[in-house]
Amino acid sequence: GELLAAESLLQPAVGILPQDAMVWVTYAYVLEGLGKHEQAADYYQRALDLDANLFQARYSLAMLLDKMGKT
C-alpha cells in the first residue's frame, strides 16, 4: 500500500520538477519496488541524462539491469 501511495504522489512531482534528477531517482525506486522494472530503468536513465555523475541513479540502474538479466 505504501508504494502505491508513493507512486501517486511522485508521479506529479516529475512533472513539477522535471530538472531535479533526485525526483526521477526516487520515483524509479518506487517503480522498481512495484515490479515495474522497465519503467524504473527508464526513469533511472532520465535522472542520469540530467546528472551523469549521480551515483544513486548509476548504481541503482546497474543493479536493476543485472536483476533483469541485461548486463
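What follows is calculated from the coordinates using simple rules that are stated; it is not laboratory data. The model shown is predicted, which means the values in this text are computed figures rather than measured ones.
Summary of computed values
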item: Segment 16-26 - phi-based ³J(HN,Hα) in whole Hz, Karplus 6.51/-1.76/1.60, Gly and Pro as x; result: 6, 10, x, 9, 9, 4, 5, 5, 5, 5, 4
item: Contour minus Cα-Cα distance for Met68 and Lys36 (0.36 nm per residue); result: 10.4 nm
item: Reported label for calculated P(r) over Cα pairs in 10 Å bins from 0, in percent given [x] 18, 41, 28, 11, 2; [y] 19, 50, 26, 5, 0; [z] 23, 54, 22, 1; result: [z]
